[in-house]
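Asks: Mind having a look at this structure? Questions to follow.
The values are calculated or read from the model by the stated rules, or taken from the named source; none is laboratory data. Since the structure is predicted, the reported quantities are computational estimates derived from the model, not experimental observations. Note that we place each Cβ from the backbone using ideal geometry, even for glycine, and neighbour counts take in every protein chain shown.
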Amino acid sequence: MKKTLKTFAVVSAMSIMAVAIAGCGSRNATQSGVSQIDTPLITDTANPVYKDDSDMTTTVKDSILKKMDGETFYFSSGAGGWATELKVYADGTFEGHYYDSDMGDRGTGYPNGTQYDSEFKGKFSVPEQVNNYSYSMKVENIETDKMAGTEEIKDGVKYVYTEPVGIKDGAKLYIYIPGASVSSLPEGYISWAQMSLKGDDKLTFYGIYNEKDNAGFVGNTTIRE
């Protein structure tokens with residue numbers, strides 16, 4: 001990887017003991033990917049894109065990743081011991097870390113609990129512009145540092161290596177850019193991003209949405225027009 005993401009620290013894991021078990025299950029929630037709102041809708045309802053196509057401008061399609069270069073995205077409920085972190089680069093490559101801590105799963109040699117873990121990297125296809133505020137792309141390839149299904153004990157924690165959650169090989173993803181009307185975005189994405197929206201009527205960050213797996217990633221940088 002270009003930059004190795006730090007392994008989830010045991011001290012941090014113990015600090016979220018009170019909420020970890022409750023959070024483990026929430027990552028698999030399913031929501032509708034099409035927003036039922038009174039705004040102009042695209043004809044292909046299978047594509048969960050920003051739905052107001054008015055006043056579309058021409059944008060160089062590969063420039064969007066340049067604008068997102070180095071940005072870190074988070075897929076998490078915000079209330080639990082799990083998350084997928086995703087870092088995107090201008091050349092279309094990415095790297096990330098998924099973790100899910102279960103502090104109640106303890107045993108001999110691992111008194112600090114169990115962590116499901118995956119460090120990964122891969123490459124996106126060239127994004128294609130859908131309209132002013134959305135792009136689509138696919139995961140061309142993805143690989144993990146550790147083989148899924150293997151495990152080891154380190155520092156009193158049992159690490160069970162898995163595939164990452166929210167992103168997988170071949171997945172179709174949508175990019176939403178700052179300035180997009182929140183009311184015109186899919187309800188599925190909004191459900192994951194609502195803690196970061198803070199009542200704003202327009203996005204103030206980049207978003208990535210995997211509609212099929214209902215996984216909404218929120219960019220870490222606030223950008224206001």
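Asks: Could you grab the pairs with beta carbons closer than 6 Å, sequence gap of 6+ or different chains, first residue in segment 149-178 and farther than 29 Å from Met137 by Cα, second one surrounded by 14 or more Cβ atoms within 10 Å (Cβ to Cβ) and among the hydrophobic types (A, V, I, L, M, F, W, C)?
Replies: Matching pairs, first to second residue: Glu151/Val160; Asp155/Val10; Val157/Val10.
Asks: Could you check Thr84 against (1) farther than 14 Å from Tyr209 by Cα; (2) in contact (Cβ under 8 Å) with a residue 40 or more places away in the chain; (3) of a type in the set (Val, Ile, Thr); (4) surrounded by 19 or more Cβ atoms within 10 Å (Cβ to Cβ) and say which number it fails?
Replies: With (1) farther than 14 Å from Tyr209 by Cα; (2) in contact (Cβ under 8 Å) with a residue 40 or more places away in the chain; (3) of a type in the set (Val, Ile, Thr); (4) surrounded by 19 or more Cβ atoms within 10 Å (Cβ to Cβ) applied to Thr84, the lone miss is (1).
Asks: Follow-up question, since we're still on this one. Identify the single condition in (1) in contact with a Lys or Arg (Cβ under 8 Å, 6 or more places away or on another chain); (2) farther than 17 Å from Trp82 by Cβ that Leu197 does not satisfy, given that it satisfies every other one.
Replies: In the conditions (1) in contact with a Lys or Arg (Cβ under 8 Å, 6 or more places away or on another chain); (2) farther than 17 Å from Trp82 by Cβ, Leu197 misses (1) alone.
Asks: Which residues, counting only those in segment 175-188, are in a loop (DSSP other than H, G, I, E, B) and buried (at least 17 other Cβ atoms within 10 Å of the Cβ)?
Replies: Our first condition is that a residue be in a loop (DSSP other than H, G, I, E, B); within segment 175-188, this holds for 177-180, 185-186.
If the condition is that a residue be in a loop (DSSP other than H, G, I, E, B) and buried (at least 17 other Cβ atoms within 10 Å of the Cβ), then Ile177, Pro178, Ala180, Leu185, Pro186 are the ones that fit.
Asks: Looking at segment 192-210 only, could you name the residues that are closer than 16 Å to Ser77 by Cα and surrounded by 16 or more Cβ atoms within 10 Å (Cβ to Cβ)? Outline the logic, then answer.
Replies: Going through segment 192-210, the residues closer than 16 Å to Ser77 by Cα turn out to be 192-198, 207-210.
Scanning segment 192-210 gives Trp192, Ala193, Ser196, Leu197, Gly207, Ile208, Tyr209, Asn210.
Asks: Right, here's the next one. For residues in segment 103-125 being of a type in the set (Ser, Thr, Tyr) and under 16 Å from Lys154 (Cβ atoms), which is surrounded by the fewest Cβ atoms within 10 Å (Cβ to Cβ)?
Replies: Restricting to residues being of a type in the set (Ser, Thr, Tyr) and under 16 Å from Lys154 (Cβ atoms), the top hit is Thr108.
Asks: Can you find a residue in segment 197-205 that is of a type in the set (Gly, Ala, Ser) and modelled with pLDDT of 95 or more?
Replies: Filtering segment 197-205 for residues of a type in the set (Gly, Ala, Ser) gives 199.
Now drop any that are not modelled with pLDDT of 95 or more, which leaves none.
No, every residue in segment 197-205 fails to be of a type in the set (Gly, Ala, Ser) and modelled with pLDDT of 95 or more.
Asks: Hey, can you tell me all the residues within segment 197-225 that are among the acidic types (Asp, Glu) and within 17 Å of Asn132 (Cβ to Cβ)? Full working, then the answer.
Replies: Pass one, segment 197-225, residues among the acidic types (Asp, Glu): 200-201, 211, 213, 225.
Selection gives Asp201, Glu225.
Asks: Among the candidates Tyr50, Tyr74, which residue alone is at pLDDT 50 or above, in contact with a strand residue (DSSP E or B) (Cβ under 6 Å, 6 or more places away or on another chain) and under 24 Å from Thr221 (Cα atoms)? Before you say what the answer is, go through the steps one by one.
Replies: Numbers: Tyr50 fails: at pLDDT 50 or above.
Exactly one residue qualifies, and that residue is Tyr74.
Asks: Taking the conditions exactly as written (of a type in the set (Ser, Thr, Tyr) and closer than 23 Å to Ser118 by Cα), does Tyr161 satisfy them or not? It would help to see each step written out before you state the result.
Replies: Numbers: of a type in the set (Ser, Thr, Tyr): yes; closer than 23 Å to Ser118 by Cα: yes.
So Tyr161 fits the description; yes.
Asks: Here is a further query. Restricting to segment 129-148, what's the tally of residues that are over 22 Å from Phe75 (Cβ atoms) and out of contact with any Asp or Glu (no Cβ under 8 Å at 6 or more places or on another chain)?
Replies: Start the filter on segment 129-148 by keeping residues that are over 22 Å from Phe75 (Cβ atoms), which leaves 129, 131-132, 147.
Cutting the leftovers down to out of contact with any Asp or Glu (no Cβ under 8 Å at 6 or more places or on another chain) gives us 129, 147.
Total meeting the criteria: 2.
Asks: Continuing with this model, one more query. Please return the ranges of strands (runs of 3 or more DSSP E) entirely within segment 103-174 where 2 or more residues are modelled with pLDDT of 95 or more and among the polar types (S, T, N, Q). Quick ask: steps written out before the conclusion?
Replies: Numbers: elements: 114-124, 128-131, 134-144, 151-154, 157-161.
Result: 114-124, 134-144.
Residues checked against (1) of a type outside the set (Gly, Ala, Ser); (2) without any contact (Cβ under 8 Å) to a residue 60 or more places away in the chain; (3) within 15 Å of Tyr206 (Cβ to Cβ):
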{"residue": "Gly80", "(1), (2), (3)": "no, no, no"}
{"residue": "Asp91", "(1), (2), (3)": "yes, yes, no"}
{"residue": "Tyr99", "(1), (2), (3)": "yes, no, no"}
{"residue": "Tyr110", "(1), (2), (3)": "yes, yes, no"}
{"residue": "Thr114", "(1), (2), (3)": "yes, yes, no"}
{"residue": "Phe124", "(1), (2), (3)": "yes, yes, yes"}
{"residue": "Pro127", "(1), (2), (3)": "yes, no, yes"}
